[in-house]
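Colleague: This is the structure I have questions about; it appears just below.
The values are calculated or read from the model by the stated rules, or taken from the named source; none is laboratory data. Just so we're clear, the structure is a prediction, and the values are computed from it rather than from any experiment. Neighbour counts are summed over all protein chains in view; Cβ atoms, including those assigned to glycine, are modelled from backbone coordinates with ideal geometry.
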Number of protein chains: 4
Amino acid sequence: MNENIPAKHGVGVVGATGYTGLEVLRVLHAHAGADVRFATSEASAGGASGLPGLDLVSAEDVALDSVELVFLCLPHGKAVEWADRARGAGVKVVDLTADHRPGSGREQGWVYGMTDLAARAVAGADLVANPGCYPTGVQLSLHPLQAGGMVRKDAAVVVNAASGVTGAGRTPKRELLFAEVASDYRAYSTGNAHRHLLEMRAGLPGLPLLFQPHLLPLARGILETIYVPVAPGVDAAAVRDAWRSAYAGAATLHVTDAIPTLAETVGTDRLVLGASDNAGIPDLVTVMVSFDNLGKGAAGQAVHNMNLMLGLDPTLGLRC
Amino acid sequence: MNENIPAKHGVGVVGATGYTGLEVLRVLHAHAGADVRFATSEASAGGASGLPGLDLVSAEDVALDSVELVFLCLPHGKAVEWADRARGAGVKVVDLTADHRPGSGREQGWVYGMTDLAARAVAGADLVANPGCYPTGVQLSLHPLQAGGMVRKDAAVVVNAASGVTGAGRTPKRELLFAEVASDYRAYSTGNAHRHLLEMRAGLPGLPLLFQPHLLPLARGILETIYVPVAPGVDAAAVRDAWRSAYAGAATLHVTDAIPTLAETVGTDRLVLGASDNAGIPDLVTVMVSFDNLGKGAAGQAVHNMNLMLGLDPTLGLRC
Amino acid sequence: MNENIPAKHGVGVVGATGYTGLEVLRVLHAHAGADVRFATSEASAGGASGLPGLDLVSAEDVALDSVELVFLCLPHGKAVEWADRARGAGVKVVDLTADHRPGSGREQGWVYGMTDLAARAVAGADLVANPGCYPTGVQLSLHPLQAGGMVRKDAAVVVNAASGVTGAGRTPKRELLFAEVASDYRAYSTGNAHRHLLEMRAGLPGLPLLFQPHLLPLARGILETIYVPVAPGVDAAAVRDAWRSAYAGAATLHVTDAIPTLAETVGTDRLVLGASDNAGIPDLVTVMVSFDNLGKGAAGQAVHNMNLMLGLDPTLGLRC
Amino acid sequence: MNENIPAKHGVGVVGATGYTGLEVLRVLHAHAGADVRFATSEASAGGASGLPGLDLVSAEDVALDSVELVFLCLPHGKAVEWADRARGAGVKVVDLTADHRPGSGREQGWVYGMTDLAARAVAGADLVANPGCYPTGVQLSLHPLQAGGMVRKDAAVVVNAASGVTGAGRTPKRELLFAEVASDYRAYSTGNAHRHLLEMRAGLPGLPLLFQPHLLPLARGILETIYVPVAPGVDAAAVRDAWRSAYAGAATLHVTDAIPTLAETVGTDRLVLGASDNAGIPDLVTVMVSFDNLGKGAAGQAVHNMNLMLGLDPTLGLRC
């Protein structure tokens, strides 16, 4: 340390004992530009936060004037009150809940923080709604294709998704017990009625989506296998070209000629995109998207947004 | 034991140290109508077979006149010679390799043993080609729907499949090591070119299939999530009705109103079928098929076929 | 089925939705001598039991006169009332809770059902306290050695145990969630104060025991590695001889010259015993005991006891 | 980047496709003081190393004058020749194989790099033999206790160890396949004859050790549960005091009053030490040591040594 090192920006983490809050703390732990001033938990106040020297505190004991920005890592529905409190104190907010995302009915005044599609807006925002995990993969893969007129709208885009169990939160439930999950794999939220669909559709207007998630016997990671009805002449190579062109400067987005794997993104803030043609079925291109639901799908994107909001190097501290 | 108990039928297992051979032994261990007279292994001859009192023997030391039927559990390509040898000795054959399946070019004279669709033919056969694991789920779920005119042919049937690693065999390869598989999930055989496609298509003539398998971090089990383009008016309830009607007497096939899980079929010879409508996408019904790749997908169906070929109770010894 | 087949004995399972109750149902499902007449659950009454045609019922709706024997698979502390009710109705009881085991203070009138050490007493009993999982491995391995004067008492017998998570029950708790357990392994109940110690000591009077359990990232299975201070001249071969002599007719107990593995006992009612000398440390022999905590450690031993109490073939229905 | 940033030290990784080599690359990827100039692989030369812009090269194509230090991550037995080559070129060596460790017969001229016990010697060394994984935990936990006269020598110190499978290397073997390991747990190297024993004993002269390793169904992590015969009056609190005193400035060593878990060290370069008394057995204290076999047990300690040898901040780049 010497006097030339600029002071770090103070930030706070509200709801620091769920999987999302823990991962935000983990990313910030090694961050050269931000310093966690408080981490809250109502149930575990007084306990250890996981960061050296930082104990958990109750919300009512938080000094908001010690920070420039707060991350809200609360259960869905619980962020509204906190967002108001932070706003009133002139503190910026990155809300990792669904409470202010498109389709929530409360999105007014909030920038939707799909960072790689909205960097400029995020940089100027005080209030950012951090995207859901599944929508992150669906939108980042499909947006450039839709923008380029490469997707037909006369057939459904079928998103077959699979996620590790941390996506379901840390509240104890029988179906999340080790012995229930460890030898299982299954679809859930059947019927095309997952709560993330409104958010996905808002980013991909007019595209008919069929979204079917599955639960993997893994703690972390999302792989979305997407069957895309393509316009005549569009093939996997054209899809990869569209991504490479759209994401030329995006350090966390990687386009591969190989098959994306979960192993290469778990524990990182990366998102890997791949595509394949299908022999005999020329009108469908298979798109594969791999990322960590807690990394790029939550904490990684949240810190990416923070970096922009605080004027820091955009990918500072990220595991690219 | 008393004299009223009929003598068991003698059978042999050729290739008894791979995952398929081991599972055939496991099912036969508790079988009331069949008795394993030999189990072969070239690499481990002289070692234990896993069955009490039965050591592994080399192929050349086998006495074929001690058995009525042999199971061929060899690597693909290695069954042709053994099938000829057995046929020459008047011994029935259930071949679990791909060597005599539809599309192999050697299917003449062989009955394709998709038991629940071909029980009569199997009962009269001496030579049965046991189906592949993926085709078992695809055909058993789609055949009644195609037969009932419920599937449109103007769009691809998208089969998104996921399998445990025993499906890839027991030969040591880096990509099958524990530390490679344990935190991973990925697509493989992209491009709609899996070697099982010919077999699937033979059982579902004229249906355009897109088959995309994935590797699960599990030892056993297959779940196929199939997006079926249905004829107008066909919904999930109609799909379930078609299955229940087609499989009324089929003890190993279960139709559920719930969502099938891997957990309910792993370690059994069951296959569970489920279906779901999709809000906003009325022309696609989602079909889910769960079974154990080593159970119904291999050894279970093989013993089912044996039971029919030997005139035994069809589901004797099966874990229904 | 024909008229020569004797009627099955009616039995009931009290508490049929925990891991132990589910496993008792699984073993009884294929049992040729017992027929489950009821399975209770207060929380899930009316739901499916897992056995075909048998719905769960509330305790108050149970007709005790339909059965000869009940299995109590309740949380510890809840079996006393049910045991009294069954006794009053002249129904035999196998209690899988700790409520009537040695050290409980309520063992009077109950036979401790460590089957392989107490077959005669069990056969004549109406009330059997089924052993705990950890004590099953500790006593079955050490009892013949202590009886043969092979264990020194001037040093502690160190039992380093490891168990899958079903041993901790099915009640949702954070520390049992998949994402908490899946990458972890740790000791628990440190301090030599595990609740099973009283039970272990009752079966091995005078032996100083240090019992240290660990939690494995597995659903099922117990492996106990026991460092036994042996009398001069006693080695691993002598230990195996003592077991083989003591358990000559015990179909579920296997003594191996190799190293026991969890894989060979999970999903079975077997218990495998192995022993090893230690170069340079002649006064300690390492004993290894493998079994399924839900099999031989609970349901398997319970059904074994039932078979004896009802005069059936002792290992009928067991996965030996 | 600006001109005030000092040039990084050039280093090379020899054998970069095994688990140890991959982890060294991972740690160096984010290292502020070292720059990987080459990474070798004979089998995969020309392929990707995992580091951006760095392809794997064959040993014969390596320019040793581009580096100050090489990490040898070869199979055991293969490091001798490379060490000579590096030495001849005036390049420092951190050898992660067993080839120059105590007990190898080739330790002359090499410093044994148990960093926290030998920082000064390492700082002045050109040739460092990086410790084995198991010995790291055994020596770091026991050395301060032995030095303090807290361990009796009249009884064996029993080390019950458990390790994830990456410790067994990345060469394909049947017993390391996912389907073999995933539901198993077992002892191996029974008989007190593990190849690490010589190395352990060299660091703990005169202490009788019984070392029994087990294989966990995990990719990474070691937990050693050690039953230590303590001198009269020594208890767990005294053990923790001894560690805290010995390791006051050691950033990667953590002493906990709680029970160490694998989860808190996997993916890090930390080592966590805990201790427990045992009711009724006052002469044995249980010591628990948790660390990542690829982190503190290999790559983490290797980079720690490199930092000292190159005059950098000792824990630069480590995940403390």
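Colleague: Could you tell me which of the residues A:239, A:255 is within 14 Å of chain B (Cβ to nearest Cβ) and buried (at least 18 other Cβ atoms within 10 Å of the Cβ)?
Modeller: A:239
Colleague: Same structure, new question: Provide a single number: the residues in region D:168-196 that are touching a Gly at 6+ places or on another chain (Cβ under 8 Å) and touching a residue at least 60 places away in the same chain (Cβ under 8 Å).
Modeller: 3
Colleague: Exactly one of these conditions fails for residue A:177: (1) touching an Asp or Glu at 6+ places or on another chain (Cβ under 8 Å); (2) within 14 Å of chain C (Cβ to nearest Cβ). Give me its number.
Modeller: (1)
Colleague: Evaluate the following for residue A:275: is it surrounded by fewer than 20 Cβ atoms within 10 Å (Cβ to Cβ), in contact with a helix residue (DSSP H, G or I) (Cβ under 7 Å, 6 or more places away or on another chain) and among the small types (Gly, Ala, Ser)?
Modeller: It is false that residue A:275 is surrounded by fewer than 20 Cβ atoms within 10 Å (Cβ to Cβ), in contact with a helix residue (DSSP H, G or I) (Cβ under 7 Å, 6 or more places away or on another chain) and among the small types (Gly, Ala, Ser).
Colleague: Do you know which residues across region B:86-105 are touching a helix residue (DSSP H, G or I) at 6+ places or on another chain (Cβ under 7 Å), of a type in the set (D, E, K, R) and farther than 20 Å from residue B:294 by Cβ?
Modeller: The answer is B:92, and nothing else.
Colleague: Report, by residue number, each residue of region C:110-154 that is more than 14 Å from the chain's Cα centre (by Cα) and within 14 Å of chain D (Cβ to nearest Cβ).
Modeller: If the condition is that a residue be more than 14 Å from the chain's Cα centre (by Cα) and within 14 Å of chain D (Cβ to nearest Cβ), then C:152, C:153, C:154 are the ones that fit.
Colleague: Any idea which of C:209, C:223, C:216 is modelled with pLDDT of 95 or more, in contact with a strand residue (DSSP E or B) (Cβ under 6 Å, 6 or more places away or on another chain) and within 14 Å of chain A (Cβ to nearest Cβ)?
Modeller: It is C:216.
Colleague: Ok, one more. Report, by residue number, each residue of region B:235-264 that is without any contact (Cβ under 8 Å) to a residue 12 or more places away in the chain and within 18 Å of the chain's Cα centre (by Cα).
Modeller: Within region B:235-264, just B:263 meets the criteria.
Colleague: Also, quick follow-up: Working only within region A:243-296, note down all residues that are under 18 Å from residue A:157 (Cα atoms), aliphatic (A, V, I, L, M) and in contact with a Gly (Cβ under 6 Å, 6 or more places away or on another chain).
Modeller: Passing the criteria: A:288, A:289.
Colleague: Quick one: count up the residues across region B:185-211 that are basic (Lys, Arg) and not in a loop (DSSP other than H, G, I, E, B).
Modeller: Counting residues in region B:185-211 that are basic (Lys, Arg) and not in a loop (DSSP other than H, G, I, E, B) gives 2.
Colleague: List the residue pairs whose Cβ atoms are under 7 Å apart, where the first residue sits in region D:265-277 and is more than 10 Å from chain C (Cβ to nearest Cβ) and of a type in the set (Lys, Arg), the second is buried (at least 23 other Cβ atoms within 10 Å of the Cβ) and assigned to a strand (DSSP E or B), and the two are 6 or more positions apart or on different chains.
Modeller: These pairs meet every condition: D:270/D:291.
Colleague: While we're looking at this one, here's another question. If you take the residues in region C:278-316 that are in contact with a Pro (Cβ under 8 Å, 6 or more places away or on another chain) and within 13 Å of chain D (Cβ to nearest Cβ), which one is surrounded by the fewest Cβ atoms within 10 Å (Cβ to Cβ)?
Modeller: Here the answer is C:280.
Colleague: Something else: Here's a check for you: in region C:171-190, which residue that is of a type in the set (Val, Ile, Thr) and within 13 Å of residue C:215 (Cα to Cα) is surrounded by the most Cβ atoms within 10 Å (Cβ to Cβ)?
Modeller: C:181
Colleague: Among residues belonging to region C:155-171 that are hydroxyl-bearing (Ser, Thr, Tyr) and facing another protein chain (nearest Cβ under 9 Å), point out the one that is nearest to residue D:283 (Cα to Cα).
Modeller: The extreme case among them is C:166.
Colleague: Output the qualifying pairs, or none if there are none: Cβ atoms under 9 angstrom, residues six or more apart or on different chains, first residue in region D:144-164 and closer than 21 Å to residue D:248 by Cβ, second residue of a type in the set (Ser, Thr, Tyr).
Modeller: D:144/D:245; D:144/D:247; D:148/D:245
Colleague: Of the conditions (1) more than 14 Å from chain D (Cβ to nearest Cβ); (2) over 19 Å from residue B:150 (Cα atoms), residue B:246 fails just one. Which one is it?
Modeller: (2)
Colleague: Of all residues being at the interface with chain B (Cβ under 7 Å from one of its Cβ atoms) and within 14 Å of residue B:218 (Cα to Cα) in region A:180-206, which is modelled with the lowest pLDDT? Just the residue, please.
Modeller: A:183
Colleague: Which residue pairs have Cβ atoms closer than 6 Å, lie 6 or more positions apart in sequence or on different chains, and pair a first residue in region B:289-307 that is in contact (Cβ under 8 Å) with a residue 12 or more places away in the chain with a second residue that is acidic (Asp, Glu)?
Modeller: Pairs that qualify, where the first residue is in contact (Cβ under 8 Å) with a residue 12 or more places away in the chain and the partner is acidic (Asp, Glu), are B:289/B:224; B:294/B:23; B:295/B:269; B:296/B:269; B:299/B:23; B:300/B:269.
Colleague: What are the residues in region B:151-170 that are in contact with a Lys or Arg (Cβ under 8 Å, 6 or more places away or on another chain) and either surrounded by fewer than 22 Cβ atoms within 10 Å (Cβ to Cβ) or within 20 Å of residue A:160 (Cα to Cα) (or both), if any?
Modeller: Listed by number, the residues that qualify are B:164, B:170.
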